[in-house]
Amino acid sequence: MAAAAVAPPEVLRECGCKGIRTCLICERQRGGDSPWQHPSQKIHRFIYYPDTGWAVGAEESDFEGWAFPFPGVTLIEDFVTPEEEAEMVQLMDCDPWKLSQSGRRKQDYGPKVNFRKQKLKMAGFRGLPSFSREVVRRMGLYPVLEDFRPVEQCNLDYCPERGSAIDPHLDDAWLWGERLVSLSLLSPTVLSMSREAPGSLLLCLAPSDFPEALVDSAMAPSRSVPCQEVEVAVPLPRRSLVVLRGGARHQWKHAIHRRHVGARRVGVTFRELSAEFGPGGKQQELGQELLQMALSFQGRPTM
């Protein structure tokens, strides 16, 4: 496939922000900072190293040289080629993007869901887009995703001119299953992980030959830090695929801060069904219908 030029999106004059969410567009319209923005608490930043599965204190921070295991994150670099990336974004831009909150735009390929009432409708859902067929096939070549069958795809468009970001959140666990999978296109970013649980994380003093020595390290913890003061930065290179599962999926919230969006970025997130909609679950018939529709790859964005 030949590489296609990807033009930046036109900066929108409107936004889709609601409640306490804001973007650069509505902040300018309202004149300055929003009065309801929460002051940031003291944060200790750690960097995630995919080769070891450990989070290590950032340089020149209070916890430089200290580390803790951070399981549940798998990063696959260069998951698609530059030519595939360009073609995918070009095809996305042929369809309309809907305004979303915090300066984002989105395209949804999935059922309409009311998570609060735990109800969903199939109306308008015709499956994942045709250009995702090869992406899904390729996922199955990796052990962590060999049985991953997505039933929903959400494309999120981030642009620095709109002040795009996404607040810390946990994805729903009633409908969506164990693994969250996201593909980063057009530019790199950082996935920021935080946790609101009480208690502390126990840290090890990182060996001098980090990161190799941490792989087999069993050092006794000798320092601690409150969970609520920790943020783990997971760098997401351009064209990489990240998988969140276990604690990284259910205990640590994930976010993308405005300062980490330096150029247009399209994040493509795929979600699988929870056990309730799987074989033997209370809603297995509906789950099978959703899965059959999703993997027909005949979808257009739902409006």
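Could you check the simple spin-label distance between residue 115 and residue 223, using points 7 Å along Cα→Cβ, in nm with one decimal?
Spacing of the two 7 Å Cα→Cβ label points: 3.5 nm.
At a Förster radius of 35 Å, what calculated FRET efficiency corresponds to the Cβ-Cβ distance of residue 289 and residue 197, to the nearest 0.05?
With a Förster radius of 35 Å, E is 0.45.
Mind putting a number on the dipole of the stretch 146-303 about its Cα centre? Charges go on the C-beta only, +1 for Lys and Arg and -1 for Asp and Glu, and I need it in Debye to the nearest 20.
It works out to roughly 540 debye.
Report, in listed order, any pair from 121/253; 253/282; 18/98; 98/119; 18/42 with a Cα-Cα distance greater than 24 Å.
Beyond 24 Å between Cα atoms: 121/253; 253/282; 18/42.
If you plug each phi of the stretch 101-110 into the Karplus form 6.51 cos²θ - 1.76 cosθ + 1.60 with θ = phi - 60°, what whole-Hz ³J(HN,Hα) values come out, in order, with x for Gly and Pro?
These are the phi-based 3J(HN,Hα) values: 7, 6, x, 9, 10, 8, 9, 10, 10, x Hz.
At a probe radius of 1.4 Å, what is the per-residue accessible area of residue 138, in Å² to the nearest 10?
Accessible area, nearest 10 Å²: 40 Å².
For labels at residue 51 and residue 93 in the simple 7 Å Cα→Cβ model, what's the distance in nm?
With each label placed 7 Å out from Cα toward Cβ, I get 3.6 nm.
Compute for the chain: radius of gyration divided by Kirkwood radius, i.e. Rg/Rh, restricted to C-alpha atoms, rounded to two decimals.
On the Cα set of the chain, Rg over Rh gives 0.97.
Can you tell me which of 269-275, 246-252 comes out highest on packing, and rank the rest after it, using the mean Cβ neighbours within 10 Å?
269-275, 246-252
Below 8 Å between Cα atoms, with a sequence gap of 6+, how large is the relative contact order for the chain in percent?
Rounded, it is 28 percent for the chain.
Using only the Cα atoms, work out Rg/Rh for the stretch 101-216, with Rh taken as the Kirkwood radius, to two decimals.
1.02
The values are calculated or read from the model by the stated rules, or taken from the named source; none is laboratory data. Bear in mind that the values here come from a model prediction, so they are computed numbers and not experimental data. As a convention, Cβ positions derive from the backbone with ideal geometry for all residues, glycine included, and neighbour counts pool all protein chains shown. Side chains are part of the model used for accessible areas, which takes the heavy atoms of the whole protein and leaves out ligands, DNA and RNA. Shrake-Rupley method; radii C 1.70, N 1.55, O 1.52, S 1.80 Å.
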